[in-house]
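The next block holds one structure in the form of structure tokens; read it before the comments.
The values are calculated or read from the model by the stated rules, or taken from the named source; none is laboratory data. Just so you know, these numbers come straight off a predicted model, no measurement behind them. FYI the Cβ positions are ideal-geometry reconstructions off the backbone, even for glycines, and counts take in every protein chain you see.
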Amino acid sequence: MQKPENQTFMKSIGALKEDGTPNDTQFPFKNMAQGAATTVVAAFDPRIEEQPGSYLVDCVVANDQVAPHSSDPCMAKKLWDATEKLLGEKFTF
């Protein structure tokens with residue numbers, strides 16, 4: 001059972017219908033096995049060993065679907081710097 005404020009938010013972004021049920025048309029839901037499958041493929045499938053760091057969707061490499069901000073080196077540096085500041089620790093490699 002979700003808190004009422006969470007349901008209000010989920011309805012506002014279209015994830016829930018007005019009656020509180022999942023909006024399967026906009027956000028198709030997966031069962032537990034389907035949800036875990038891509039992670040299992042990423043961890044154990046030898047077919048993707050030659051493509052380390054790839055983005056996977058539904059068990060296949062989908063680098064063309066990577067959001068631009070997630071592969072931007074400037075954004076990565078900002079995130080890294082913010083993380084170090086929040087943790088109060090510097091990491092060097």
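Below are the figures for this structure:
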| quantity | calculated |
| --- | --- |
| Options K85, K30; residue that is among the basic types (K, R) and within 21 Å of the chain's Cα centre (by Cα) | K30 |
| Complete set of residues in the stretch 64-93 that are small (G, A, S) and modelled with pLDDT of 95 or more | A82, G88 |
| Test: V66 is in contact with a Ser or Thr (Cβ under 6 Å, 6 or more places away or on another chain) and surrounded by 10 or more Cβ atoms within 10 Å (Cβ to Cβ) | no |
| In the stretch 39-59, residue surrounded by the fewest Cβ atoms within 10 Å (Cβ to Cβ) [restricted to those that are touching a helix residue (DSSP H, G or I) at 6+ places or on another chain (Cβ under 8 Å) and β-branched (V, I, T)] | V57 |
| Residues (in contact with a helix residue (DSSP H, G or I) (Cβ under 7 Å, 6 or more places away or on another chain) and either in contact (Cβ under 8 Å) with a residue 24 or more places away in the chain or under 29 Å from T92 (Cα atoms) (or both)) located in the stretch 60-77 | H69, M75 |
| Residue within the stretch 52-63 that is part of a helix (DSSP H, G or I) and at pLDDT 90 or above present | yes |
| Tally of residues being surrounded by 13 or more Cβ atoms within 10 Å (Cβ to Cβ), part of a helix (DSSP H, G or I) and either of a type in the set (D, E, K, R) or at pLDDT 90 or above (or both) across the stretch 10-38 | 3 |
